[in-house]
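Engineer: Please read through the structure below; I'll follow up with questions.
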Amino acid sequence: MAVEQINVAGEALVVHRFGIPGARPKVYLQGALHADEVSATMALAQLTDLLQAVDDEITGEIVVVPHCNPLGAKQFILGRHLGRFSLDGRNFNRAFPQVGARVVDRLKQLGPEQQTKGEALRIGAEILGDLTRLGSPVERLQAALVGLAWGSDVILDVHADMEATLHLYTSGKSWPVFQPLAQRLEIPVVILADQSADSPFDEVHSDAWAIINGHLGERPDQPAFRPAACTLELRGLYDVTSEWAASDGRALRDFLVQLGAVTGTRESAADAVPLVTTLDAVEVGRSTMIGVVVHLKPLGANVVAGDRLARLHDPFEPDPTKSWHDVVAGTDGVVFARWHQRMIQAGMAVVKIASPDGVRSDGRARLLD
Ligand SMILES: [Zn+2]
């Protein structure tokens, strides 16, 4: 194993590397892209300890970055940490660089025999390397992170929600790869989407390879490269305990065994079956004014359409008969995420329900991921 400190935009990124460079499968795991979502960091720190103990049993290549956002880690404002957005207003998990078309442009300059998957990997790495020296600090960091994951067979971007049960976002194509992880972690809610937002980290890899594979075509001697990626939400911002870090770390190690990146035995998984739904079927209950939210349903609660999810109190409404408003479920489903602060503003997503029915009352944005 090796631990590297990489300088990105003037900050040090700590990267743990295990196994043999170039070995398959290559698995990349990063945590805390939203810099305050540190249950991810604790789980991945635990995973690095477990992998160090079995270093000679690692047969693939594994790259682990327990905290991948040193820029966001430093953002304390008046004593409060701000981890989701950079100070110039950018969501750290949006607008990652899309390199597929640029790789194809470069491939077209080569002879037919040279246009291979290996050459596409090399060109992509070169383009991403160049991007780490261009643009704003956030753009350089984003290029560096895509570069670290570039060429991985399996990519896990580990986050936390505000208040939440475990849940996982992935594409329909990638879901079979992550199903054993969901089983092992006993994840109650899985949300499938091929295109969810403006180029989040987990989607730019499949986006790039869809374009590159489309150019290279399918050949028997050169199967298409299709990385599997997911966003794993390790509960809520404040769910940081030694016990969860230890059990999550073991579950991630077992997933690496399942993938064939590590030899050895794994703990048996529970029989729990998650609710697998689509992003279209996530209902978002919103606030209607500045005020106070009082949640009425605990995380994990099964609700039916018409159930009251939360009460909103408007302290600036003088008429007491008008100062309370209900947030009501528009669909049946499971409460899997809630806003963590109790002072809220108009339009804020205060409760999320995963519905099995595909009913949606809101836009597509992944507001709490
Ligand atoms: Zn996040």
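Every number in this text was worked out from the coordinates using simple rules, so none of it is lab data. Remember, predicted model here, so these are calculated numbers, not experimental data. Ideal geometry is used to build each Cβ from the backbone, glycine not excepted, and the neighbour counts take in all protein chains shown.
Engineer: Starting from the Cα of Lys352, draw a straight line to each of the lysines and keep only those under 26 Å, dropping any in the same chain fewer than 8 residues away.
Structural biologist: Those lysines meeting the cut-off are Lys173, Lys297, Lys322.
Engineer: Kindly express, to the nearest 10 degrees and within the range 0 to 90, the angle between helix 242-259's C-alpha long axis and the longest C-alpha principal axis of the chain.
Structural biologist: Value to nearest ten degrees: 40.
Engineer: Additional query: Taking Cα atoms of region 210-369, Rg/Rh with Kirkwood Rh, to two decimals?
Structural biologist: That ratio is 1.11, to two decimals.
Engineer: Once you list every other residue whose beta carbon is under 9 Å from the beta carbon of Asn91, what net charge do they have if Lys and Arg are +1 and Asp and Glu are -1? Kindly include the intermediate steps, with their values, before the conclusion.
Structural biologist: Values: positive: Arg84, Arg90, Arg94; negative: Asp198.
Local net charge: +2.
Engineer: Still on this structure, I have one more. What does the extension gain come out to for Glu317 and Arg133, with contour length at 0.36 nm per residue minus their alpha carbon separation?
Structural biologist: 61.0 nm
Engineer: May I ask what percent, to the nearest 5, of DSSP beta bridges between residues of region 148-232 are antiparallel?
Structural biologist: Numbers: 4 of 13 bridges.
Here the share of antiparallel DSSP bridges comes out near 30 percent.
Engineer: In region 230-329, which GluC sites (Glu not before Pro) are in a loop and have at most 16 other Cβ atoms within 10 Å, using DSSP for the loop call?
Structural biologist: For GluC sites (Glu not before Pro) across region 230-329 that sit outside H, G, I, E and B with at most 16 neighbouring Cβ atoms in 10 Å, the list reads Glu267.
Engineer: What's the angle, to the nearest 10 degrees (0 to 90), between helix 201-216's Cα axis and the longest principal axis of the chain?
Structural biologist: 40 degrees
Engineer: Also, quick follow-up: Could you give the spread of the C-alpha atoms of the chain along their three principal axes, from largest to smallest, in whole angstroms?
Structural biologist: So the three principal-axis extents are 75, 45, 42 Å.
Engineer: Excluding His313 itself, what net charge comes from residues whose Cβ is under 14 Å from its Cβ, given Lys and Arg +1 and Asp and Glu -1?
Structural biologist: 0
Engineer: Taking K and R as +1 and D and E as -1, what net charge do the other residues with C-beta under 13 Å from the C-beta of Pro223 add up to?
Structural biologist: Local net charge: +1.
Engineer: Taking only C-alpha pairs under 8 Å that are 6+ residues apart, what is the relative contact order of region 280-354 in percent?
Structural biologist: 45 percent
Engineer: If I take all pairs of Cα atoms in region 280-354, what percentage of them are more than 17 Å from each other?
Structural biologist: Roughly 38 percent, once rounded to a whole number.
Engineer: Would you mind checking the tilt of helix 39-53 against the longest principal axis of the Cα atoms of the chain, expressed as 0 to 90 degrees and rounded to 10?
Structural biologist: Roughly 40 degrees between the two axes.
Engineer: Evaluate the charge dipole of region 280-354 about its Cα centre and quote only its size in Debye, nearest 20, assuming +1 on the Cβ of each Lys and Arg and -1 on the Cβ of each Asp and Glu. Each step should come with its number before you reach the end.
Structural biologist: Numbers: 8 positive and 8 negative charges, 48 e Å.
Result for region 280-354 is approximately 240 debye, rounded to the nearest 20.
Engineer: Once the mean 1/r over all distinct Cα pairs of region 166-206 is inverted, what Kirkwood radius in angstroms do you read off? If you can, show how the numbers build up before the last one.
Structural biologist: Values: mean 1/r = 0.0933 Å⁻¹.
Over region 166-206, the inverse of the mean reciprocal pair distance is 10.7 Å.
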